[in-house]
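Since the structure comes first, as structure tokens, the remarks are kept for the end.
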Amino acid sequence: MKDHQSHSTCWSLAARLFAAAAVSAAALASPFAGAATSYPDQPLRIIVPYGPGGTGDVIARLVAKKLGDDLGQSVIVENKGGAAGSIGTMTAARAAPDGYTILLAYTSEMVINPIVQKGVNYDVARDFAPVAMAGSTPLLLVANPSLGVESIQDLVRLAKASPDRVSYASAGPGSPAHIAGALLAKEAGIQMAHIPYKGGSQAVADTVGGVVDVYFSGMPPAIPFVKSGKLVALGVASKQPSPALPEVPALAASGYARLDLSGWFGFFVPKNVPLEIQALLHGKIAAALQSEDIKTKLAMQGVETNAMSSAQFQSFVEAEQAKYKQLIQELGIGAE
């Protein structure tokens, strides 16, 4: 009897040891093994690498509200501007890979800045995982009414008649507006004086004020000025007109096929966020973006939402990186 009890005790002890070893092995194999089951158990934050009020900020706040309601946790939008978006992006890259920090990034941070900015110490492929494509908006070429042009053809004729008479603003060296202006000059065979600013809001303001003549603006900041007559819309840098301004022609269909330069926004997380959490965030954010109220609000500002899987978004980002690298080299836009 004692032998039988001893034998049973040994087996029971062995079973417990085996179970403990199995749990330990699972924990070692996946340090975040229990994360997805309890996630989220604290507030999340969406970092917007620009000041409040811009297109990215609008997208982030609309999504944050729906995401928070869906997850049952607060989702805080944190504006962290500076260095054309690189400071906020670096902050997100250094965040813990636990799914509680999300980055809402623009074309500049994910594609252009690593090419044209000196001192960028994040690497998109190494530091980030793409979660969801948010939407795209074509650049809108606007002019101050005092310039006396009503179309892209008028602008080109004026610039050819008076080289360097026309000035164009940008949100900084190497920004999408700089690239678009330089590409237009090359394709049209004209010369324009580049006037860089530290951000898009001042570039729009100075175009409205007549300090500079034209600007390839994001659509949301420029639309109110176009509708009030303080700016003249000459064209959108896309293949088709924008539903937000359907009367404005598409530059890529007006003899400038390469001026198809829509800016885009997307949600990213630090690279090593567990795949289950990435998948959860993708589903929730994609559903929020495809909700009719958000789609309608963004469409009114010229932002078209784009439904993509995470893998499709990854491929899209890689294609954009290759496209802009070639453009920047061709146009001779150097690092700043």
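Here are the numbers:
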| item | result |
| --- | --- |
| Pair list, Cβ under 7 Å, 6 or more apart: region 200-222 residue open to solvent by 10 Å² or more (accessible area, probe 1.4 Å), other residue charged (D, E, K, R) | Val208/Lys230 |
| Test: residue in region 124-147 that is out of contact with any helix residue (DSSP H, G or I) (no Cβ under 6 Å at 6 or more places or on another chain), open to solvent by 50 Å² or more (accessible area, probe 1.4 Å) and assigned to a loop (DSSP other than H, G, I, E, B) | no |
| Hey, Ala257 of a type outside the set (Val, Ile, Thr), free of Cβ contacts under 8 Å to residues at least 60 places away in the same chain and in a loop (DSSP other than H, G, I, E, B) or not | yes |
| Single residue of region 303-333 satisfying the filter (out of contact with any Gly (no Cβ under 8 Å at 6 or more places or on another chain) and not in a helix (DSSP H, G or I)) that is surrounded by the fewest Cβ atoms within 10 Å (Cβ to Cβ) | Gly332 |
| Criterion (within 24 Å of Pro221 (Cα to Cα), among the small types (Gly, Ala, Ser) and in contact with a His (Cβ under 7 Å, 6 or more places away or on another chain)) met by exactly one of Gly174, Gly181 | Gly181 |
| Test: Val58 is open to solvent by 10 Å² or more (accessible area, probe 1.4 Å) and part of a helix (DSSP H, G or I) | yes |
| Complete set of residues in region 51-104 that are within 19 Å of Gly172 (Cα to Cα) and touching a Leu at 6+ places or on another chain (Cβ under 9 Å) | Thr55, Gly56, Gly88, Thr89 |
| Condition check for Ser108: assigned to a helix (DSSP H, G or I) and in contact with a strand residue (DSSP E or B) (Cβ under 9 Å, 6 or more places away or on another chain) | yes |
| Residue match in region 186-197 (condition: surrounded by 20 or more Cβ atoms within 10 Å (Cβ to Cβ) and modelled with pLDDT under 95) | yes |
| In region 154-163, residue nearest to Ala188 (Cα to Cα) [restricted to those that are out of contact with any strand residue (DSSP E or B) (no Cβ under 9 Å at 6 or more places or on another chain) and in a helix (DSSP H, G or I)] | Val156 |
| Residue check, Ala237 closer than 23 Å to Ala182 by Cβ and either open to solvent by 40 Å² or more (accessible area, probe 1.4 Å) or touching a Pro at 6+ places or on another chain (Cβ under 6 Å) (or both) | yes |
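Here's the yes/no breakdown for (1) within 21 Å of the chain's Cα centre (by Cα); (2) at pLDDT 95 or above; (3) among the basic types (Lys, Arg); (4) open to solvent by 50 Å² or more (accessible area, probe 1.4 Å):
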residue: Phe225; (1), (2), (3), (4): no, yes, no, yes
residue: Ser228; (1), (2), (3), (4): no, yes, no, yes
residue: Val248; (1), (2), (3), (4): no, yes, no, no
residue: Ser262; (1), (2), (3), (4): yes, no, no, no
residue: Phe267; (1), (2), (3), (4): yes, yes, no, no
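The values are calculated or read from the model by the stated rules, or taken from the named source; none is laboratory data. Everything numeric in this text was worked out from a predicted model, so none of it was measured. Glycine gets a Cβ as well: all are built from the backbone with ideal geometry, and neighbour counts include every protein chain shown. Heads up: the accessible areas ignore ligands, DNA and RNA and are worked out on the full protein's heavy atoms, side chains in. Shrake-Rupley method; radii C 1.70, N 1.55, O 1.52, S 1.80 Å.
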